[in-house]
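S.K.: Please read through the structure below; I'll follow up with questions.
The values are calculated or read from the model by the stated rules, or taken from the named source; none is laboratory data. Given the structure is predicted, the values throughout are model-derived calculations rather than measurements. Here the Cβ is made from the backbone with ideal geometry for all residues, glycine too, and neighbour counts use every protein chain on show. Side chains included, ligands, DNA and RNA excluded: accessible areas come from the protein's heavy atoms. Shrake-Rupley method; radii C 1.70, N 1.55, O 1.52, S 1.80 Å.
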Amino acid sequence: ASAAIKRYVELGNALNATALDAIGTKYVCLLNATELKAINPPSLKLASLDPSACSQETKNLLYQKAKEAFSDQRHLPAYYELILPYLGGAPAADLKVLSKDDVNMNMSTFVTLRRDSLM
């Protein structure tokens, strides 16, 4: 799967919503940093990914992409639900801002947050 994804990107294909849906949660953790950086942020609005089993580097990169993708909805109540799958890569500053929005975070989400961000 990793080789197929790499070849797809090497051929100049974008990691858009269709590609991300094909990759899915099962293979999203196989993406390397270059491939993750090639993701078009708005594509995350249409894709359904769960990077919770990925490396911390992958979570961090996907969080930044998701933050950019959903930035236009930052002040809407639905923002937390949209960014929720990607919070495992959130830096401390972003968690502080989110905490001011009085979100109700469950324990299973809390334990997936970056330890350095919590400290």
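S.K.: I need every pair where a residue in the range 68-80 that is polar (S, T, N, Q) has its Cβ under 6 Å from the Cβ of a residue that is in a helix (DSSP H, G or I) and open to solvent by less than 100 Å² (accessible area, probe 1.4 Å), sequence separation at least 6 or different chains.
M.R.: Pairs found: Gln73/Tyr79.
S.K.: Same structure again: Scan the range 35-55 for residues that are open to solvent by 60 Å² or more (accessible area, probe 1.4 Å), small (Gly, Ala, Ser) and part of a helix (DSSP H, G or I) and jot them down.
M.R.: Residues satisfying the conditions are Ser52, Ala53.
S.K.: Related question: Quick check on my filter: what residues within the range 56-78 are loosely packed, with under 14 Cβ neighbours inside 10 Å and among the basic types (Lys, Arg)?
M.R.: Within the range 56-78, Arg74 is the sole residue that qualifies.
S.K.: Filter the range 5-18 for residues that are without any contact (Cβ under 8 Å) to a residue 24 or more places away in the chain and in contact with a helix residue (DSSP H, G or I) (Cβ under 9 Å, 6 or more places away or on another chain); which is most open to solvent (accessible area, probe 1.4 Å)?
M.R.: So, considering only residues that are without any contact (Cβ under 8 Å) to a residue 24 or more places away in the chain and in contact with a helix residue (DSSP H, G or I) (Cβ under 9 Å, 6 or more places away or on another chain), the one most open to solvent (accessible area, probe 1.4 Å) is Thr18.
S.K.: Can you give me the number of residues within the range 61-82 that are part of a helix (DSSP H, G or I) and either out of contact with any helix residue (DSSP H, G or I) (no Cβ under 6 Å at 6 or more places or on another chain) or of a type outside the set (A, V, I, L, M, F, W, C) (or both)?
M.R.: So the count comes out to 12.
S.K.: Identify, from the list Ala17, Ala4, Ala38, the residue that is among the small types (Gly, Ala, Ser) and more than 14 Å from the chain's Cα centre (by Cα).
M.R.: Selected residue: Ala4, the only one of Ala17, Ala4, Ala38 that is among the small types (Gly, Ala, Ser) and more than 14 Å from the chain's Cα centre (by Cα).
S.K.: Additional query: From the list Ser52, Ser108, pick out the single residue that is out of contact with any strand residue (DSSP E or B) (no Cβ under 6 Å at 6 or more places or on another chain) and in contact (Cβ under 8 Å) with a residue 60 or more places away in the chain.
M.R.: Ser52
S.K.: Please verify whether Thr58 is under 29 Å from Ser2 (Cα atoms), in contact (Cβ under 8 Å) with a residue 12 or more places away in the chain, in a helix (DSSP H, G or I) and of a type in the set (Ser, Thr, Tyr), treating the condition exactly as stated.
M.R.: Yes.
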